[in-house]
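First up is the structure itself, then whatever we jot down about it.
The values are calculated or read from the model by the stated rules, or taken from the named source; none is laboratory data. This structure is a prediction, so every number in the text was calculated from the model and none was measured. Every residue, glycine as well, gets a Cβ built from its backbone with ideal geometry; the counts of neighbours run over all protein chains shown.
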Amino acid sequence: MSAAESASVTIPLVPPRTGDPEITSELVADHGLSDDEYERICRIMGRIPTFTELGVFSAMWSEHCGYKNSKRLLQLLPTEAPWVIQGPGENAGVIDIGDGYALAFKIESHNHPSAVEPYQGAATGVGGILRDVFTMGARPIAILDSLRFGDLDSARVRYLFGGVVSGVGDYGNCIGVPNIGGEVAFDRGYEGNPIVNAMCLGLMKKEDLITASASGVGNTLMAVGARTGRDG
């Protein structure tokens with residue numbers, strides 16, 4: 001049965017494009033989307049999505065990109081104070097530290113990518129938070145990390161541990177930003193998927209703040225970077 005036929009809302013049936021598979025309930029589930037999420041996609045688009053569009057929604061609405069499972073908990077944290085210059089909604093948070101200076105900071109998890117390809121997954125996790133900090137107009141000055149792994153008696157855990165630690169260290173060393181603090185713990189509960197949390201701090205003058213929003217017709221869009229690896 002197609003996903004459109006099993007949905008509780010009326011969805012215009014659009015023939016799949018040549019070469020695209022039919023969007024079935026099984027395919028939707030394989031993309032990590034619930035029935036409710038799929039119906040919401042159809043309502044937003046006014047039709048069933050193409051295979052490519054389904055993949056885009058799957059990525060953007062994932063926990064890794066959209067925090068769909070933890071967002072409700074994150075929203076309980078305080079985000080406003082007299083010293084907060086930039087709260088949630090931008091690439092990084094920014095706080096006033098006095099004398100005309102501000103501190104930008106970002107914390108990010110790269111758990112699943114590090115489980116797939118530990119070295120690149122951890123390295124790109126560090127790279128991502130460095131990017132988020134310097135795009136705010138700040139100069140990255142420090143990196144921190146918090147790691148969790150399964151029992152080191154496992155050969156796979158030792159492989160993950162070595163790759164993640166090397167990835168975090170090598171990326172920071174290559175760009176000259178020191179890792180000023182890190183901590184690691186081991187428990188069998190993390191046997192399948194490690195926890196790889198990284199943080200970056202950046203220093204800036206308050207007047208140098210840059211936001212991510214841009215408006216106007218004719219802006220140039222550029223995609224720059226290496227080819228996508230196994231870690232995504």
Over segment 97-130, the set of residues at negative phi, surrounded by fewer than 16 Cβ atoms within 10 Å (Cβ to Cβ) and not in a helix (DSSP H, G or I) is I97, Y101, I107
Given the conditions (1) over 24 Å from G127 (Cβ atoms); (2) assigned by TED's automatic domain parsing to the domain that holds V94; (3) loosely packed, with under 13 Cβ neighbours inside 10 Å, and given that P178 satisfies all but one, which numbered condition is not satisfied? (1)
Of residues in segment 187-213 being farther than 20 Å from K106 by Cβ and over 20 Å from the mean Cα position of the chain (by Cα), the one surrounded by the most Cβ atoms within 10 Å (Cβ to Cβ): E191
Segment 126-160, residues that are touching a residue at least 60 places away in the same chain (Cβ under 8 Å) and either of a type in the set (S, T, Y) or within 15 Å of N173 (Cβ to Cβ) (or both): V126, L130, T135, P140, I141
Exactly one of these conditions fails for T211: (1) more than 26 Å from V94 (Cα to Cα); (2) in a loop (DSSP other than H, G, I, E, B); (3) touching a residue at least 40 places away in the same chain (Cβ under 8 Å). Give me its number. (1)
With the structure loaded, tell me whether G169 is buried (at least 16 other Cβ atoms within 10 Å of the Cβ), under 28 Å from H112 (Cβ atoms) and modelled with pLDDT of 90 or more or whether it fails that test. yes
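Every residue, every condition in (1) more than 21 Å from the chain's Cα centre (by Cα); (2) under 30 Å from G202 (Cβ atoms); (3) in contact (Cβ under 8 Å) with a residue 24 or more places away in the chain, yes or no:
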position	(1), (2), (3)
R43	yes, no, yes
R47	yes, no, yes
Q75	no, yes, no
T79	no, yes, no
E90	no, yes, yes
D99	yes, yes, no
